[in-house]
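Below: the structure, in structure tokens.
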Amino acid sequence: VQLVESGGGLVQPGGSLRLSCAASGFTFSSYAMSWYRQAPGKERELVARISSSSSTTYADSVKGRFTISRDNAKKTVYLQMNSLKPEDTAVYYCYLLRRTRPYDNWGQGTQVTVSS
């Protein structure tokens, strides 16, 4: 299993970024995918999840601002982040929970910094 995030960077408050997670090594279309984030000194938290049938759930803190989506043909999951706030600053991770070992699969993370 390989999960490779991209798209992070520095953005001003109110700006937008789109993160991508390219997946390989498993049947992408059969699995839910998630985005987590971890800010300095804080625990890693779930940001958004998309099921294999594209049902979505979001953390309350990002509802209405972030959108998770997937492209099964490209084996990629996206996180569109709008109206970014300084408190969105974190390393964002792509996550897969598999039904076989290894169960927990994380990408390397991509840094998002929201600052003026």
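Computed values, structure above
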| read-out | value |
| --- | --- |
| Answer residue from segment 104-116, given it is assigned to a loop (DSSP other than H, G, I, E, B) and out of contact with any Leu (no Cβ under 6 Å at 6 or more places or on another chain) and is most open to solvent (accessible area, probe 1.4 Å) among those | Ser116 |
| Residue pairs meeting the criteria (Cβ under 9 Å; at least 6 apart or on separate chains; first under 13 Å from Cys94 (Cβ atoms), in segment 1-25; second among the aromatic types (Phe, Trp, Tyr) and open to solvent by 40 Å² or more (accessible area, probe 1.4 Å)) | Leu3/Trp106 |
| Scan of segment 47-68 for residues that are surrounded by 15 or more Cβ atoms within 10 Å (Cβ to Cβ), within 13 Å of Tyr31 (Cα to Cα) and of a type outside the set (D, E, K, R), ordered by number | Ile50 |
| Test: residue in segment 2-15 that is surrounded by fewer than 13 Cβ atoms within 10 Å (Cβ to Cβ) and touching a Gly at 6+ places or on another chain (Cβ under 9 Å) | yes |
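The values are calculated or read from the model by the stated rules, or taken from the named source; none is laboratory data. The structure displayed is predicted, hence computed values, not measured ones. Heads up, the Cβs are rebuilt from the backbone with ideal geometry, glycines too, and the neighbour counts pull from every protein chain shown. Surface areas here come from the heavy atoms of the whole protein model, side chains and all, with no ligands, DNA or RNA. Shrake-Rupley method; radii C 1.70, N 1.55, O 1.52, S 1.80 Å.
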